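The values are calculated or read from the model by the stated rules, or taken from the named source; none is laboratory data. This structure is a prediction, so every number in the text was calculated from the model and none was measured. Areas reflect the complete protein model, heavy atoms only, side chains present, ligands, DNA and RNA absent. Shrake-Rupley method; radii C 1.70, N 1.55, O 1.52, S 1.80 Å.
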Amino acid sequence: MSAPLLSVRDLTISTGSREIVHPLAFEIAPGERLGLIGESGSGKSLTSSAVMGLLPSEMSARGTVALSGEGANLLERSESSLARLRGNRMSMVFQEPMSALNPLMRVGAQVAEVMRLHRTATRDQAMTRAIDLLDQVHLPDPAAAARAYPHQLSGGQRQRIMLAIALANSPDLLICDEPTTALDVTVQSAVLDLIDEQVAARGTGLLFITHDLAVVARVCERVMVMNRGRVVETGTVDQIFTAPQHEYTRGLLAASDLTATDDRGRLFTIATAAAYPGAGAPADAPAARVTGETQPAGASVAEQTPAAEAGEQSQPAGTSAVGRAEDREAGGAWDASGKTGRDEPSDTAHLIEMSGVVKTFTRRAGLFRSDRVEALKGIDLNVRAGGRMGIVGESGSGKSTLLSILSGLETPTAGRIRVGDVVVDPEDYSGLTAMRRDLQIVFQDPYASLDPRMSVAEIIGEPLRSMGLDGAERKDRAEEMIEAVGLDHDSLTRFPHQFSGGQRQRISIARALVTRPRILVADEPVSALDVSVRAQVLNLLADLVDEYSLTLVFVSHDLGVVRHLCSDVAVMRSGEIVEQGPTDQVYDDPAHDYTRALVAATPTIHAALNV
């Protein structure tokens, strides 16, 4: 057997006197692909940062990190010595390319820069090779891409550029840290194919970090599972994903399976999977077949995960978020059944109607020329009262534009829209206030949509000011909703930065529901969450939609999430709905080639393992 390319021994990472990554050891052989999985905070990214010599200044690493042919322990090397290795013998692809790329430099110059810094090419050679690398990562027009700035390219294209930069000097070791998070399924598939192709062609060792187990099953040969700074299990992909030995690994597998539910129809989390012996089992014995009879007496299915230990908790069993506060606003009360006091439209069962909706944007293309971009091209969409409508499609398909128009954040160029009792008129904004009380939205990134200077109580209560509710009523409503989303009352006095990503999304949901809407619109609300936290949030959404008799419009690029949560689905492409119908029917027997491509591109553990 050849000598290892990377050898890590007794690696510990500390901040001050606190050890946050405990002694771990692993090796990567030349051309080998190792997947590193676990939840946020498990130590995955810190481990890769230590290998690259990129730990924050307040942290320190001890142990041994050896790269073949480099002799001395990398942890003891100077910064200038490590700088000669980074981008040359070892490279890294980061999670968010827009943050990693220089917004003021053209793409070609950024790819060429790494070759010039390491003196592997002259200026002219570097630019020629940069365009060649952009071609190798399958950008459609490499020369044009080289002249572009990062903001002029899509997320998938930017990630390909990051890969081109990482591969520019043919490194021996490539580290990918969540390189496909939040990418569309078809773009994700293309990026994974590209990584697979380039690593195989160059014989590069790969350390692939992700919380998406299906991606690891597709790309990697071996898997290392981390939990709270410790490696709990290591083995081949087949061993770990078909016969996991550690309870934490079984919980990860159960939480990642969107087709598996407990006897109450709820997705598994790492904590709840422990109560079901079959959870996390391979495809021939899925957790979905486990019934409540296997649950130990007295076991709770409350959402208490490792993340919950930092303060994330669920609604106590048997309690209801409905009717805890007095319903005094003029807009209509929620009674104990979860129904609103407002009348549903009497002429139709549809709560949302969109007919012939067109949205055209004008984009400046030069000093004397403008381009017209048709974002929506005659959308027809009806959503019945109490329905759960999923909308899927790639970036640029028009999903977010449709939601913006539906939410009153944009006005249509043409077409008719009715939301509840309000007909949206581009020339008359008078109905928007009533419509926005009936319809609320949960955005993809809660940290960006929550005001960091406001307490949680102020954030949740803010929409009630426009409704004329006094301070006491706002306080009651905030307490009601914070309990409904499974957070304790102490959360109301804290600020957004003091919460985890899953907790912040719960706060966003509480804010959306505090006006007592009939319609909840969710735009990619779980795309960047760990699998267990994703399961918590999806369970919470399903509970609240049922409890409050909400109509749900849910946008996602994750087809598995939509299939679990939504009864109907509309597939969008290039501003048009190409297919719509009951979710199972559309997924199992797609009529359109584009739908078939989306379904085929969605990675699953079972498909990757051929089980």
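Rounded to the nearest 5, what % of DSSP beta bridges with both residues in the chain are antiparallel?
If I count the DSSP bridges inside the chain, around 60 percent turn out antiparallel.
With every protein chain left in place and a probe of 1.4 Å, what is the accessible surface of HIS151, to the nearest 10 Å²?
About 120 Å², rounded to the nearest 10.
Can you give the helix-only mean residue ellipticity at 222 nm for the chain, where every DSSP H stretch with n ≥ 4 adds -39500 (n - 2.57) and the sum goes over all residues, rounded to the nearest 500 deg cm²/dmol?
So the helix-based figure for the chain works out to -9500 deg cm²/dmol.
Go through ARG160, ARG518 and list them by solvent-accessible area, largest first, probe radius 1.4 Å.
ARG160, ARG518
On the full set of protein chains, 1.4 Å probe, figure out the accessible area of THR259 and give it in Å² to the nearest 10.
Roll a 1.4 Å probe over it and THR259 shows about 110 Å².
Among (i) 49, 30, 24; (ii) 42, 31, 23; (iii) 47, 30, 19, find the value of semi-axes √(5λ) of the Cα gyration tensor in Å that was calculated from the structure presented, and write down its label.
It is the one labelled (ii).
From the backbone phi of region 208-220, what are the Karplus-calculated ³J(HN,Hα) couplings (6.51 cos²θ - 1.76 cosθ + 1.60, θ = phi - 60°) in whole Hz, Gly and Pro given as x?
Karplus-based 3J(HN,Hα) across region 208-220 equals 10, 9, 6, 9, 8, 5, 5, 5, 4, 4, 7, 9, 9 Hz.
Could you pull out every residue, at least 5 positions away or on a different chain, whose amide H is within less than 5 Å of the one on VAL569? Hs are placed 1.01 Å off N in the peptide plane, and Pro or chain starts have none.
Residues meeting the amide H criterion: GLY390, GLY581, THR583.
Relative contact order (percent) for region 12-143, with alpha-carbon contacts under 8 angstrom and 6 or more residues of separation?
15 percent
So what is the diffusion coefficient of region 14-111 in µm² per second by Stokes-Einstein at 25 °C and 0.890 mPa s, using a Kirkwood Rh over Cα pairs?
Once the numbers are plugged in, D ends up at 158 µm²/s.
In square nanometres and to one decimal, what's the mean projected area of the convex hull around the Cα atoms of region 154-266?
8.5 nm²
With θ set to phi - 60° and the Karplus curve 6.51 cos²θ - 1.76 cosθ + 1.60, what are the ³J(HN,Hα) couplings of region 402-408 in order, to the nearest whole Hz, using x for Gly and Pro?
Along region 402-408, the couplings run 4, 5, 4, 5, 4, 8, x Hz.
How much of the DSSP bridge set in region 116-266 is antiparallel, in percent, rounded to the nearest 5?
In region 116-266, DSSP labels about 55 percent of beta bridges as antiparallel.
Apply the Karplus parameterisation 6.51 cos²θ - 1.76 cosθ + 1.60, with θ equal to phi minus 60°, to every residue of region 386-395 and state each ³J(HN,Hα) to the nearest whole Hz, in sequence, with x for glycine and proline.
Result, ordered by residue: x, x, 10, 9, x, 10, 10, x, 6, 4 Hz.
Could you sort SER80, SER404 by their accessible area in this structure, using a 1.4 Å probe and putting the largest first?
Order by accessible area, largest first: SER80, SER404.
List the residues, sorted by chain then number, that are 5 or more residues from VAL93 or on another chain and whose placed amide H is less than 5 Å from its amide H.
Correct list: ILE175, CYS176, ASP177.
Whenever you get a sec, line up THR236, THR249, THR401 from highest to lowest accessible area (probe 1.4 Å, protein heavy atoms).
Largest accessible area first, the list is THR236, THR401, THR249.
Rounded to the nearest whole Å², what accessible area per residue is found for the chain with the 1.4 Å probe?
I get 42 Å² per residue for this part.
To the nearest 10 square angstrom, how much accessible area does LEU492 have with a 1.4 angstrom probe?
Estimated to the nearest 10 Å², LEU492 gives 20 Å².
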